Amino acid sequence: MDGGIGLPVTRRDAPGKVSGDAQYAADFPHAGCAYAALTTSSIARGRIVRIDTAQAERAAGVQMVLTHRSLNEGLGEETFAMKGGHMQSSFLPLTSDEVHYAGQIVSLVIADTQEQAEAASRLIAIDYDAQPASASMDDGDRVEKPLESKSIDVGNANAALAISPVTIDATYVTPAQHHNPIELYATSAEWREGRLLVHVPSQWVMGTRMGLATIFGIPAEDVHVECPYVGGGFGGKATILPHTVLIAMAARRLGRAVKLVVPREAMFTVGSFRPATRSRVRLAAERDGTITAVSHEQAGQSATIDHVSFAVTEVTARMYASPNIRVRESTVATDVNTPGFQRAPAEAPGFFGFECAVDELAVALGMDPVALRTKNEPARDPVGNLAWSSRKLTECFARGAELFGWSRRTPEPGSMVAEDGALIGYGCATACYPSASGPSAARIRYSADGVCIVSLSAHDLGTGAYTVMGQIAAEVLGVPNHLVRVQLGDSTLPSGIIAGGSVTTSSSGSAVHVTALAVRDALLRAAGGGELVDGFVVSPDGSRRPATEVLAECTSGFIEETGVWKPDSISDKQMQNGLAGGMAFSSALGKYATYSFGAQFAEVRVDPLLRTVRVHRMVGVFDCGRIINPRTARSNLAGGMIWGASFALLEETQIDRKRARFANTDLAGYHFSTNADIGEVVVEMLDGSDTLANPIGTKGVGEIGIVGMPAAIANAVYHATGVRVRKTPIQVEDLLV
Amino acid sequence: MQTLDVTLDVNGRTHSLQLDPRTTLLDALREHLGLTGTKVGCNHGTCGSCTVHVDGRRQLACLVLAASAAGRAVRTIEGLAAADGTPHPMQAAFVAHDALQCGYCTPGQIMSAVSCVEEGHARTDDEIREYMSGNLCRCAAYPNIVAAIADVARAA
Amino acid sequence: MQPFTYVRPDTLEQALHEAAEPGASVLAGGTTMVDLMRGDLAAPRRVVDIGHLPGLSEIDLSGPVLRFGALARMADAAEDAALKRDYPALAESLQLAASQQLRNAATLGGNLLQRTRCPYFRNGVSACNKRVPGSGCSALDGEDREMALFGISDACVANYPGDWGTALAAFDTAVEIRSAAASRTVPLANFHVAYGDDPARETVLEQGEIVTAITVRATPAGRGSTYAKVRDRQSYAYALVSAAVALEMDGDTVASARVSLGGVASKPWRSAEAEAVLTGATLTEAAGLRAGEAAFAGARPGRHNAFKVELGRRVVARAALTASRRA
């Protein structure tokens, strides 16, 4: 068995990706394709009072110009994904003369060539009636709107804070950030006899299919969304972006395939982004480090066109044993494109403040930060008193501290100095991410030639799904790795789940597992009983023959089964909706509290004169349940940790408050880590299956890597410099003291 | 509007194209020659995903007009493997070290990495990190990319 | 990109003739021009491609005047062993700029002509006196963390982004320019126009003129030089603050000093103030910081970039200490 669960099987999609053969959305040829270019609003709020397209329409090669005046087709009702629909936003540009945010699409030019479309898009003249706008949650006119349903109160945190001997009360802020996958948003659409073929980078081909079918009033089967590879998603490609609808419409009107590749600068406003946050964290403890109160109040940036909330405090409330817990959530509406999911949407920003505050408490107590966390490890969920399905956070800290060499740390800030004079800082933080799952289907065909084909419309964003799904099938069927094929990212396949919330392996992997069991059972029935061992059918009498021999005796020459899996808490109706392309997730809080955990450590080096910070090394030890493929899981977790380093030190979408627009809208201005920014990254995953979570025992890997890293690095910066920076990114000016 | 006759030498093959002068080498490769292994990530020289070799040196195809590339030897990811299809050692090393996740920046990373070794800029891990910093990887496969290149450099 | 006619002359003379046409722009490595054209920030009607012209790519460091052909590639100069040994500041400025792919394409002459990274210039919609003269400067009341502190005015606070130009400013550098009718040599100090004086202008180059070479008067201070660059990330980013320092030492005492600043000015910025403090001083970190303080005494910080004064002080000190060790 060279391809089963737990083995570091080489990424199945790697050969195609290193050869250039792997086709991403913009790589698919469409015969006779026309090209589109966008024009976006220069103002942040107001109305279009005049839009002159004459010059653009006369320009060479131009076939069509779409504006709010020409987009007069009746479209089906589709809604915002967070309201149960599939759209990135409830607002579809070009459906009115209103401008709700800077960079909103205000026209679409279609021409014979890319060059012609781009040039003509610059020739559109627009007059606006501009209204005052606020794009920052810090603007004076913005108000916090409490979300009372998100409040949690256990005991009386305020009272405990008032009487406890050691307390912390600090406010932390994180900025807007953008996914900036290297693959640009791109959509190609083509209508063939009333059926729509779309190539679009998608983390949710079934949702995209369902949404487009609703909008265009055609059966879901008549929409084909093909996207075998996604060039980085991180949440940004989870929903239908408005331009996909517009391109499909333009293609229908022109009777010709149309392709749009969104320019990098427009990526900042035609999709979603991670909204800014502000967290006030108050902690109280006895002098021995026993935490007596946890209070976390978070305000998140939302949009005037859509209410969006990423409530982290329901997670932070459960991190430490405390008799008194109080959390609050609120949102602040701003004039921006609708924010959305971005890798650990709630947890990455929320844990920055929360885990920095824990570090501040450790400093106030004169206590080791690892010891403080371990001391307050809760035996059960401190809010609902649920049992953990599994929680090995203390083991993560113990192993992480050992790997990192935490014991070398001397607590006094600035007390550790490298040979070259650099100030050394050690920091750590807890990471946690809720483990959810949802319904998924899968199809497996096992043929007499030994080939096993696993097919489902799940997605591999670089996460390893192509490899992992095959391993789960191989584990049951005993098929050698080189005979396993996996098909993903195509809406004509059995329904996989959205690639979001770290649910793919738990959900679609479970579907593959139960389907493989069904194939096994059918095979054994065909063989007249026995057991399947390493690809051989072992009869009750002990005789062995290859499974392929049994398959060859089947009239079709193969056995094929389609199976479905759902978590217990999901009803059949919810399952049907989910399989059709709707959103259907179990909660992390059911019979058990089910979360992935991690302990994260960072060593930073700070130039004593220039005060520049470099992340010298990072260590993460994780409890993510069973690891199907340690190789791809390690890469995913390491990538998350590097995202965390980027979050801590680099990433910020600057908001020009005067103009209510994003300022640094290119990759020269929006910084994330280069190769040179990253030193050693060590990842370890604790053994352990969590079969209370699902039949394959997994808990989710994709998002947790980022969660604790920003705080671990900020805490390390404090340790190196004695400067407590309560914002990200931590920049050189924050340390020039 | 001017139409240019442009002869491009790509991966050892000559292609005669009629192009809008505005066509970049990147768009000529992708939209006119169907060589979509070279990726578009920014069109501004800020990401490295369109890295190709021009006369043996790594460059960004998005900032070269196709007309300027006429008469130069262009090599893309599709031209890296041996004639019999054997992957280039750098391609094999990227697979072996799991030096990719989504794979979108990978062709550019590999073209850049091949040059990095050829230039003699792969003597230490830190040197690799610096000389590969023109290729952004949002999945952040950086540690494995460094390991893959160091492996190839050692063997070279 | 707006439509243009592409021409590819075979000789410099033909190129100069073509470049004199109204609406013509010269294209060399393309890393700046193609980018600007893509954003309609440059919309030439005629593009004169000179990237392939022979005889303009030599680097000659042998004489009393160093000579860099305008079409020499940044990467070639950055890797030149003699330049690294004798003028590390110049080699480092190239090495710390952009990426190897860009350095392989970009030319030394073209690099001097880089335009600002100011987002309000680049975004094509905000008021910008550089893009649309008379429209105003959005950076004044906008995001100005990356903006300049020297050579600015209420008309424009944009930053000159080049590292090579900044390092050259520490030396006696001149720019050789040809046109169809004439040739002239302009000291680097007079080549760039401070944006604050005339936002719409970048350099003194006139229509039809082509930079053919950059010359630097040889100096023993070259060996005692360095280019220090601080940026938000470790690589592939523009300078927040940079400084080139070239020293001749007499024991521990600075005999002569050359200091230029980048990331803080609208053109390559020579700091006579820092040079005066360093000259004759015993070089310690404190002396370096005093020189840095002098360098930034005349700075005009905006709303979010005042930190560059303190950072700049330290960058000058760091560069001075590194340079003194080499001198």
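The values are calculated or read from the model by the stated rules, or taken from the named source; none is laboratory data. Note that the coordinates shown come from a computational prediction; the quantities given were computed from them, not determined experimentally. Cβ: placed from backbone, ideal geometry, glycine included. Neighbour counts: every protein chain shown.
Summary of computed values
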read-out: Matching residues in segment A:341-378 - criterion: being part of a helix (DSSP H, G or I) and either under 12 Å from A:V312 (Cα atoms) or polar (S, T, N, Q) (or both); value: A:E347, A:A348, A:P349, A:G350, A:F351, A:F352, A:G353, A:F354, A:T374
read-out: Qualifying residues in segment C:312-327 (those that are in contact with an Asp or Glu (Cβ under 7 Å, 6 or more places away or on another chain) and at pLDDT 95 or above) - the one nearest to A:L736 (Cα to Cα); value: C:R313
read-out: Residue count, segment C:134-191 (criterion: within 14 Å of chain A (Cβ to nearest Cβ) and over 19 Å from the mean Cα position of the chain (by Cα)); value: 11
read-out: Segment C:5-40, residues that are assigned to a loop (DSSP other than H, G, I, E, B), within 11 Å of chain B (Cβ to nearest Cβ) and either modelled with pLDDT under 95 or closer than 21 Å to C:A200 by Cβ (or both); value: C:T32, C:G39
read-out: Flag if B:T7 is assigned to a strand (DSSP E or B), polar (S, T, N, Q) and modelled with pLDDT of 95 or more; value: yes
read-out: Residue check for C:R270: within 14 Å of chain A (Cβ to nearest Cβ), closer than 24 Å to C:M147 by Cα and surrounded by fewer than 24 Cβ atoms within 10 Å (Cβ to Cβ); value: no
read-out: Any hit, segment A:90-112, residues being within 31 Å of the chain's Cα centre (by Cα) and within 14 Å of chain B (Cβ to nearest Cβ); value: no
read-out: One residue from C:S266, C:S324 being within 23 Å of C:L96 (Cα to Cα) and touching a helix residue (DSSP H, G or I) at 6+ places or on another chain (Cβ under 9 Å); value: C:S324
read-out: B:G85, sole failed condition from (1) more than 11 Å from chain C (Cβ to nearest Cβ); (2) within 17 Å of the chain's Cα centre (by Cα); value: (2)
read-out: A:R399 vs. criteria among the charged types (D, E, K, R) and outside any helix (DSSP H, G or I); value: no
read-out: Filter result (in contact (Cβ under 8 Å) with a residue 40 or more places away in the chain, aliphatic (A, V, I, L, M) and surrounded by fewer than 19 Cβ atoms within 10 Å (Cβ to Cβ)) within segment B:73-93; value: B:A73
read-out: Breaking point among (1) within 7 Å of another protein chain (Cβ to nearest Cβ); (2) hydrophobic (A, V, I, L, M, F, W, C); (3) over 21 Å from B:V6 (Cα atoms); (4) under 13 Å from the mean Cα position of the chain (by Cα), for B:L80; value: (1)
read-out: Any chance A:G450 is on the phi > 0 side of the Ramachandran plot and within 35 Å of the chain's Cα centre (by Cα); value: no
read-out: Selected residue [in contact with a strand residue (DSSP E or B) (Cβ under 7 Å, 6 or more places away or on another chain) and either within 14 Å of chain B (Cβ to nearest Cβ) or not aliphatic (A, V, I, L, M) (or both)] from A:T665, A:T653; value: A:T653
read-out: Any chance A:S596 is small (G, A, S) and either surrounded by 24 or more Cβ atoms within 10 Å (Cβ to Cβ) or within 30 Å of C:A127 (Cβ to Cβ) (or both); value: yes
read-out: Segment C:190-220, residues that are surrounded by 20 or more Cβ atoms within 10 Å (Cβ to Cβ), more than 21 Å from C:E13 (Cβ to Cβ) and not β-branched (V, I, T); value: C:F191, C:H192, C:Y195, C:G196, C:P199, C:E202
read-out: Hey, A:S635 out of contact with any Phe, Trp or Tyr (no Cβ under 8 Å at 6 or more places or on another chain) and of a type in the set (S, T, Y) or not; value: yes
read-out: Which numbered condition A:Y229 misses (of (1) closer than 21 Å to A:Y35 by Cβ; (2) touching a helix residue (DSSP H, G or I) at 6+ places or on another chain (Cβ under 8 Å)); value: (1)
read-out: Hits in segment B:20-38 (condition: facing another protein chain (nearest Cβ under 7 Å) and basic (K, R)); value: B:R22
read-out: Among (1) within 25 Å of the chain's Cα centre (by Cα); (2) on the phi < 0 side of the Ramachandran plot; (3) surrounded by 23 or more Cβ atoms within 10 Å (Cβ to Cβ), the one test that A:P382 misses; value: (1)
read-out: Pick from segment B:26-36, criterion not aliphatic (A, V, I, L, M) and not in a loop (DSSP other than H, G, I, E, B), ranking: farthest from B:L136 (Cα to Cα); value: B:H32
read-out: Members of segment A:321-330 found to be in contact with a Pro (Cβ under 9 Å, 6 or more places away or on another chain) and surrounded by fewer than 24 Cβ atoms within 10 Å (Cβ to Cβ), listed by number; value: A:A321, A:P323, A:R328, A:S330
read-out: Tally of residues being part of a loop (DSSP other than H, G, I, E, B), out of contact with any strand residue (DSSP E or B) (no Cβ under 7 Å at 6 or more places or on another chain) and either within 14 Å of chain B (Cβ to nearest Cβ) or among the aromatic types (F, W, Y) (or both) across segment A:1-56; value: 14
read-out: Residue within segment C:101-108 that is away from chain B (no Cβ under 14 Å) and either modelled with pLDDT under 95 or surrounded by 24 or more Cβ atoms within 10 Å (Cβ to Cβ) (or both) present; value: yes
read-out: Exclusive hit being among the β-branched types (V, I, T) and either in contact with an Asp or Glu (Cβ under 7 Å, 6 or more places away or on another chain) or free of Cβ contacts under 8 Å to residues at least 60 places away in the same chain (or both), set A:V205, A:V223; value: A:V205
read-out: Inter-residue pairs, beta-carbon under 9 Å, first on the phi > 0 side of the Ramachandran plot and more than 7 Å from chain C (Cβ to nearest Cβ) and in segment B:115-143, second part of a loop (DSSP other than H, G, I, E, B) and buried (at least 21 other Cβ atoms within 10 Å of the Cβ), 6+ apart; value: B:A140/A:F672; B:A140/A:S673; B:A140/B:Q101
read-out: Filter pass, B:H15 being more than 7 Å from every other protein chain (Cβ to nearest Cβ), part of a strand (DSSP E or B) and under 18 Å from the mean Cα position of the chain (by Cα); value: no
read-out: Matching residues, segment A:356-379, being under 25 Å from A:K727 (Cβ atoms), more than 30 Å from the chain's Cα centre (by Cα) and of a type in the set (G, A, S); value: A:A362, A:A364
read-out: Selected residue (criterion: farthest from the other protein chains (Cβ to nearest Cβ)) from residues of segment C:213-235 that are over 14 Å from C:V315 (Cα atoms) and among the basic types (K, R); value: C:R217
